[in-house]
Amino acid sequence: MFSSPEANACRVLPVRAVGVAGPRPVPPSDIDSVGGEVVVTTHRVTYSDRLKVFIGPHEDVDSFLRPLRRMDGHQRFALDLTVLPEPMPATEVTASVSAARGDLALRCTGSADAMTLQLRTTVDHLPRRYTLGFPGSRLGLPTVYVPHGDDDTYVYPEEVFTAEYAAQIFHEFFHQGAVPAGLQHREILD
């Protein structure tokens, strides 16, 4: 999945879009099915800033847990889940849709044993980024080192997650369009 021949690949995974109820973080679409089956995408998943996969509304937590468990902080160092502006047929995914930044996304960087989560959203028409963490004090400078690719990040101990816990947060974000209410948000100022 992370090999260099696939580094710039773009893949769309099919899902059954008709007759399956479930919460969606994006508005329902008016996409008509052809022959009862349509491939619809609602999210873009980007692995380590290279491989992009478009997924639909019926993924489960294992879809996120498998790649999160493989993260090593160096070759496999990030997973970014971006909500598309609206659901669309896979045939309408263009290069501009694939490259668009997106207004709402959840990103993790690091390794399976120690990763940090960031939420990208828009507040009052301005893009904002937050590091997510458990409740606790954030005194002094962050001291926990989290490698990711060629970059280094330091976070507070309360902002370090394992792959298993992060998968649950990704699952809720994917289905609800929001992270769990108990997480603290520390704004990242660029």
- Only one of R66, R107, R129, R120 is touching a Pro at 6+ places or on another chain (Cβ under 9 Å) and not polar (S, T, N, Q), namely R120
- Query: If we scan region 175-183, do we find a residue that is surrounded by 18 or more Cβ atoms within 10 Å (Cβ to Cβ) and either within 16 Å of A78 (Cβ to Cβ) or modelled with pLDDT under 90 (or both)?
  - Reply: no
- Query: Inside region 135-190, can you point out the residues that are of a type in the set (S, T, N, Q) and under 14 Å from L117 (Cα atoms)?
  - Reply: T153, T162, Q168, Q184
- Query: Just to be sure, is Y145 open to solvent by 30 Å² or more (accessible area, probe 1.4 Å), of a type in the set (F, W, Y) and in a strand (DSSP E or B)?
  - Reply: yes
- Query: Any chance region 161-183 includes a residue that's in contact with a Ser or Thr (Cβ under 8 Å, 6 or more places away or on another chain) and of a type in the set (D, E, K, R)?
  - Reply: no
- Query: Within region 92-103, can one find any residue that is free of Cβ contacts under 8 Å to residues at least 60 places away in the same chain, among the aliphatic types (A, V, I, L, M) and under 16 Å from Y47 (Cβ atoms)?
  - Reply: yes
- How about region 52-135: which strands (runs of 3 or more DSSP E) wholly inside it have at least 2 residues that are open to solvent by 10 Å² or more (accessible area, probe 1.4 Å) and over 30 Å from Y156 (Cβ atoms)? 78-89
- Message: With charged (D, E, K, R) and closer than 12 Å to F170 by Cβ as the only criterion, which of D80, D124 stands out?
- Response: D80
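The values are calculated or read from the model by the stated rules, or taken from the named source; none is laboratory data. In this text, all values refer to a predicted model and were calculated from it rather than measured experimentally. Glycine also receives a Cβ, built like all others from the backbone with ideal geometry; neighbour counts cover every protein chain displayed. Ligands, DNA and RNA are stripped out before the accessible areas are found, and what is left, the full protein with its side chains, is counted by its heavy atoms. Shrake-Rupley method; radii C 1.70, N 1.55, O 1.52, S 1.80 Å.
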